[in-house]
Amino acid sequence: MTKSTQVLYLTLAAVYCMLSFFAHPFPLHWLVKILPLLLLLGTVIRSSSTDWKLAIICALVFSMAGDVFLAVDRQKLFVFGLGAFLLGHLSYIKALWPIKQFKVLPLFGFIVFAVTMFYLMQANLGSLMVPVVCYLIVISCMALMTFYSQLTNPWLMLGGLSFVTSDALIGLDKFYMDIPHAGLLIMLTYYLAQFSLVKGFLFSQKNN
């Protein structure tokens, strides 16, 4: 990933975060929201062919679909956004497969995370209990894979942790308690997650 691409990504992400914080909703906000990911998608498409390339393309496309669902109507389309991101995480898991190493600490950490999140949210999940629990398991597995994958590197691990943080903020804000400036925090960690994951995959390609 070139420096100019990285600067452009950070600029587009910053623009959306500022607009969403100070002027949300604004015309075509859903389009502005996915512009950084479109840039990442173009970068991956232009990269040389690898075993994970198609899976990453799918992950970014599903993520953008989830972004659009949540941007258009977060309340009514929440379950569709959840489903799109679930497919995105499954695509990331596919790209990270196979496992190269097993470490107890990351497994313990993500089990504690998942159990704690469920405990805090379960009273308010209602009819969303099953899809949210399924999503919680999948996002935890995706983040865990960034530590276990044969491609693992610091960028991938940062991406996994950032995605878990972003989704945790969404879940806690919706199902547990209001979090001040939740929208801004969610998007900052989300954009960091997507950037770090793609950069991590490209880094693994460069060093293999």
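Each value in this text was obtained by applying a stated rule to the coordinates, not by laboratory testing. Remember, it's a predicted structure, so these values are computed and weren't measured experimentally. Heads up, the Cβs are rebuilt from the backbone with ideal geometry, glycines too, and the neighbour counts pull from every protein chain shown.
Overview of values
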| read-out | value |
| --- | --- |
| Sorted by Cβ neighbour density within 10 Å, fewest at the top, the residues 116, 189, 2 | 2, 116, 189 |
| Order of 76, 199 - criterion: other Cβ atoms within 10 Å of each residue's Cβ, fewest first | 76, 199 |
| Local net charge near residue 152, Cβ-Cβ under 14 Å (Lys/Arg +1, Asp/Glu -1) | +3 |
| Entries of 53/206; 100/206; 3/199; 53/103; 53/199 with Cα pairs more than 20 Å apart | 53/103 |
| Fully extended contour minus Cα-Cα distance, from residue 18 to residue 173, at 0.36 nm per residue | 53.8 nm |
| Under 14 Å, Cβ to Cβ, from residue 132 - net charge with Lys/Arg +1 and Asp/Glu -1 | -1 |
| Residue 149 long-range amide H proximity, modeled H, under 5 Å | 100 |
| Under the Karplus curve 6.51 cos²θ - 1.76 cosθ + 1.60, θ = phi - 60°, whole-Hz ³J(HN,Hα) for segment 31-37, x wherever Gly or Pro sits | 6, 4, 4, 8, 4, x, 6 |
| Most mobile of 140, 49, 20 in a GNM of the chain (Cα contacts under 10 Å) | 49 |
| Debye intensity ratio I(q)/I(0), log10, the chain, q values 0.15 Å⁻¹ (C-alpha model) | -0.94 |
| Debye equation applied to the C-alpha atoms of segment 73-156, log10 I(q)/I(0) at 0.15 Å⁻¹ | -0.61 |
| Distant-in-sequence amide H partners of residue 125 (H built 1.01 Å from N, under 5 Å) | none |
| Neighbour-count ranking [beta-carbon atoms within 10 angstrom, fewest first] of 190, 92, 16, 176 | 176, 16, 190, 92 |
| Cα centroid separation - segment 154-186 against segment 75-103, whole Å | 15 |
